[in-house]
Structure formats: structure tokens, C-alpha cells
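Structure first, commentary second.
Values in this text are rule-based calculations from the coordinates and carry no lab data. In this text, all values refer to a predicted model and were calculated from it rather than measured experimentally. Here the Cβ positions follow ideal geometry from the backbone for every residue, glycine too, while neighbour counts run over all protein chains shown.
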Amino acid sequence: MIPIICTMLLGGTPELRVPYALADSAHHVFVDCVTDTHAIEIGLDDRRSSLDSLQQALFYAALLERQPMVILVDTDGREDATEYQVETAARATGVAYRVIDVDFLIRLQMTAPFRSRRIPHDLMQ
């Protein structure tokens, strides 16, 4: 899902490795998506691991000097407790928050080859 959201929807770089130093040791993180303006963490609804998304987005944004964003992929069409908690915390901290439907992402990926073969508008006249 990360490559679809990051490249096809946002025009960003997916899963970017970002190094940082701590004391006298080197570390790195993988940022789900980086655009010119945002460091984005992407999670799935109803997963406990998505509760870390806000902290990760804030940390990555600080490392990259960008705005943080959290995107959750909705797999069941309803807001669950995890989605509600992440959204509430994101809004309270001023972090951009979006939900994207998994079926939309599947359709987007499936139709990508057709969109890339479109006839230019000026040739249709």
C-alpha cells in the first residue's frame, strides 16, 4: 500500500532510509513516504502498531525538516478505536491526518496502466 499511496497519489519517495546520529553511534529509520513538504507515516486501521504512527511522523518530520502527516488505510469501512485514537491525537497536535479506503487504492493500482495510455487531449480533436 505504501508505494501506491506515496508514488501514485502523493508523488513522493516511498520507504526512504534516513540516517541520524545519537551520541557516538549511527542509526537510521525508514520513512514510509517523503514529499517535498511532508514526512508521512502510513498505517492500517484496527492495528495496535498504528498507534505509533503519530510519534513516528513527528520524529521523521523533525529529522527531515518537513511537516508531519499520518495516513491510515481503512480496510473495513468503519472507524474503529485505533483510528479514533490516532485521529484525535493527530488533531490535538496539529498533525495532518487522512484516511484512504483500501478499495480505492486497489482500483487505483489496477487502472494505472490504462491511465498511462491515455490519448493526449489535443489528438482527440
The chain - mean residue ellipticity at 222 nm from DSSP helices (-39,500 (n - 2.57) per run, n ≥ 4, rounded to 500): -10000 deg cm²/dmol
The Rg/Rh figure for the chain, Cα atoms and Kirkwood Rh, to two decimals is 1.07
Among Leu22, Leu44, Leu105, residue whose mean-square fluctuation peaks in a GNM of the chain (springs only between Cα atoms under 10 Å): Leu22
Net charge of neighbours whose Cβ lies under 11 Å from the Cβ of Leu10, counting Lys and Arg as +1 and Asp and Glu as -1: -1
What does the charge count around Tyr84 come to, taking other residues whose C-beta lies under 15 Å from its C-beta (Lys +1, Arg +1, Asp -1, Glu -1)? -3
Here the percent of antiparallel bridges among DSSP beta bridges lying wholly in the chain, to the nearest 5, is 45 percent
